[in-house]
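The values are calculated or read from the model by the stated rules, or taken from the named source; none is laboratory data. Being a predicted model, the structure only gives us computed values, none of them experimental. Because the Cβ atoms are built from the backbone with ideal geometry, glycine has one as well, and the counts that use them run over all protein chains shown.
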């Protein structure tokens with residue numbers, strides 16, 4: 001090896017280091033910070049223990065247990081207890097007999113930051129005592145996981161299932177994309193991904209967060225490149241694509257439930273950001289598709305501020321001002337119980353979303 005060759009190698013190495021350094025500086029100035037596993041919220045104390053699940057990605061551990069959840073912010077704090085029975089949030093103080101009514105959804109259904117008796121499935125159980133209400137809501141779930149979990153209970157239960165009620169929020173559309181930015185929260189667990197295939201859906205299995213260990217995870221440039229490559233390899237859909245997937249998921253599961261004599265109804269859950277232009281477009285898109293498919297869909301009538309927004313101080317827990325409080329769930333349960341008791345009115349009888 002000549003001196004010239006060694007010089008060329010040195011210059012090449014310096015060029016690579018310089019280029020990477022410039023790219024790293026630019027990434028730190030222009031791009032968001034890298035996703036750091038140590039900061040993921042999913043592992044916060046006080047939540048039920050979650051186990052890896054080959055279909056759902058994660059599920060609440062099946063043992064009976066109680067958890068104390070405490071959280072606070074400048075707006076206030078919560079200090080509550082979660083009762084888990086057979087891997088699901090309790091919906092009654094004593095065993096209940098009757099056909100199953102499965103309440104499906106995410107943390108809005110689970111009741112994050114609330115005591116058991118303040119969740120809408122518990123309140124619905126009080127209003128519909130002829131049913132045995134089961135809460136399959138789980139923190140962080142997308143629409144795909146919520147419906148899969150409900151279907152599992154309907155298939156596995158020895159009690160007949162009459163109805164599944166899906167608590168749907170348009171924010172679940174982004175979760176259904178299964179991007180790296182979403183699935184790093186449950187790391188090392190994965191999340192299912194469904195993709196459109198013609199007029200149907202195909203399962204891409206579980207996707208996971210691409211984590212390089214402690215090697216380059218502090219590099220903004222490297223982690224952003226890794227995230228983009230992972231999303232491309234996983235064929236993660238665009239937001240519009242995920243919106244289509246979400247509509248197809250609900251319609252497909254409605255047919256699957258109906259084939260077993262189980263009815264699916266959907267309640268559109270109000271949230272703090274539901275008056276944004278994108279949220280309105282997404283919600284209307286889903287509602288129109290559900291109505292076209294004949295799926296009973298309730299859009300609850302909530303008092304609103306003059307600008308149409310939800311009053312976060314009145315209806316959301318103070319610790320995060322994101323999740324519903326007891327007053328929110330009382331309104332929701334009252335209207336949902338009436339909606340179901342009336343025989344699930346036709347879509348044309350359901351009031352349009354507020355604008």
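Observations on the structure shown:
For every residue, the table says whether it meets (1) over 18 Å from residue 171 (Cα atoms); (2) within 23 Å of the chain's Cα centre (by Cα).
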position	(1), (2)
299	no, yes
303	yes, no
306	yes, no
309	no, yes
312	no, yes
322	no, yes
329	yes, yes
334	yes, no
338	yes, no
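- Helices (runs of 4 or more DSSP H) completely within the range 125-213 that count 2 or more residues being in contact with a strand residue (DSSP E or B) (Cβ under 7 Å, 6 or more places away or on another chain), in contact (Cβ under 8 Å) with a residue 60 or more places away in the chain and under 15 Å from residue 243 (Cα atoms): 143-156
- Residues within the range 244-278 that are buried (at least 22 other Cβ atoms within 10 Å of the Cβ) and out of contact with any helix residue (DSSP H, G or I) (no Cβ under 8 Å at 6 or more places or on another chain), tallied: 1
- If you go through the range 86-115 and keep only what is over 21 Å from the mean Cα position of the chain (by Cα) and either buried (at least 19 other Cβ atoms within 10 Å of the Cβ) or on the phi < 0 side of the Ramachandran plot (or both), you end up with 92, 93, 94, 95, 96, 97, 99, 100.
- A single member of 151, 118, 159, 202 is buried (at least 19 other Cβ atoms within 10 Å of the Cβ) and farther than 23 Å from residue 323 by Cα, and it is 151.
- Taking the range 206-230 as the range and being under 27 Å from residue 143 (Cα atoms) and at pLDDT below 95 as the test, the residues that pass are 208, 209, 210, 211, 224, 226, 227, 228, 229, 230.
- Restricted to the range 163-188, and to residues there that are more than 23 Å from residue 281 (Cβ to Cβ) and at pLDDT below 95, the residue that is surrounded by the fewest Cβ atoms within 10 Å (Cβ to Cβ) is 188.
- Inspection of the range 221-243 identifies at least one residue that is under 30 Å from residue 124 (Cβ atoms), touching a residue at least 60 places away in the same chain (Cβ under 8 Å), part of a helix (DSSP H, G or I) and out of contact with any strand residue (DSSP E or B) (no Cβ under 7 Å at 6 or more places or on another chain).
- Residue 322 meets the stated requirement of being in contact with a strand residue (DSSP E or B) (Cβ under 8 Å, 6 or more places away or on another chain) and closer than 30 Å to residue 70 by Cβ.
- Of all residues in the range 44-67, those that are out of contact with any helix residue (DSSP H, G or I) (no Cβ under 8 Å at 6 or more places or on another chain), closer than 25 Å to residue 183 by Cα and in a strand (DSSP E or B) total 6.
- Identity of the residue in the range 279-301, in contact with a helix residue (DSSP H, G or I) (Cβ under 6 Å, 6 or more places away or on another chain) and in a loop (DSSP other than H, G, I, E, B), that ends up nearest to residue 109 (Cα to Cα): 300
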